[in-house]
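See structure below.
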Amino acid sequence: MPILSSGLINSMDQLFVEALGEMREFMGRDVTIVNNTKINCPNCLLSYTEQESAGIYSPDDPYPSDVPGPIPFSGGFCPVCKNTGWYVIKNQENIKALISWASPGDRQYMEAGIIEPWDVSIQVSIDDADKVKNADEIYVDGQKVEFLNLRKEGLKTLAGATIELRKI
Ligand SMILES: [Zn+2]
């Protein structure tokens with residue numbers, strides 16, 4: 001592939017990558033991704049089956065800073081885990097993206113074809129693409145959406161990825 005490997009094309013690719021990066025920076029908005037980590041409740045003792053709380057106050061030491069508490073309690077009900085025995089820590093991250101919501105006309109066209117209808121398409125950097133794909137929760141402009149499809153095509157492979165998402 002002598003043409004593709006030439007210095008001229010490579011520098012054009014580089015310009016394309018930089019231009020798209022700048023567009024994301026100046027015209028993009030934040031897409032919020034959330035990843036959930038489930039941990040044993042640090043505020044109470046687990047039951048012997050370890051499937052639920054034993055309802056006994058027993059704070060971990062050190063106590064994790066990203067969980068409310070420690071909250072002393074009596075009466076058999078842990079206020080941190082509501083006696084489930086576990087707690088979900090939500091790790092949130094914002095990612096810059098060029099966001100395009102499908103218009104009603106687009107949607108009609110998509111439903112007439114064989115492509116699965118999507119509600120919003122976002123263009124992100126390659127580094128962020130898998131983060132969005134693997135996130136537990138995705139929010140675009142405050143709307144919760146789910147992952148449908150990830151496209152890395154041609155020159156875009158260098159500069160970013162287009163991800164199609166659907167409202168939930
Ligand atoms: Zn608990």
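Some points to look at:
- Residues located in region 61-86, provided they are more than 10 Å from the ligand (Cβ to nearest atom), charged (D, E, K, R) and under 23 Å from Asn35 (Cα atoms): Asp66
- Cross-chain or 6+ apart pairs with Cβ under 9 Å, region 33-53 first and farther than 11 Å from Asn83 by Cα and in contact (Cβ under 8 Å) with a residue 40 or more places away in the chain, then of a type in the set (Asp, Glu) and assigned to a strand (DSSP E or B): Ile33/Glu93; Ile33/Glu137; Val34/Glu93; Val34/Glu137; Asn35/Glu93; Asn35/Glu137; Asn36/Glu137
- Residue match in region 21-30 (condition: among the basic types (Lys, Arg) and at pLDDT 95 or above): yes
- Whenever a residue of region 140-167 is at negative phi, its partners that are at pLDDT below 80 and aliphatic (A, V, I, L, M), lying with C-beta atoms within less than 6 angstrom and at least six residues away or across chains, give the pairs Leu158/Val17; Ala159/Val17.
- Any hit, region 71-92, residues being touching a residue at least 40 places away in the same chain (Cβ under 8 Å), on the phi > 0 side of the Ramachandran plot and surrounded by 12 or more Cβ atoms within 10 Å (Cβ to Cβ): yes
- Residues that are part of a loop (DSSP other than H, G, I, E, B) and modelled with pLDDT of 85 or more, drawn from region 119-164: Asp119, Ser125, Ala135, Asp136, Asp141, Gly142
The values are calculated or read from the model by the stated rules, or taken from the named source; none is laboratory data. Please read all numbers here as calculations on a predicted model, not as lab measurements. With ideal geometry, Cβ positions are generated from the backbone for all residues, glycine too; neighbour counts draw on all protein chains shown.
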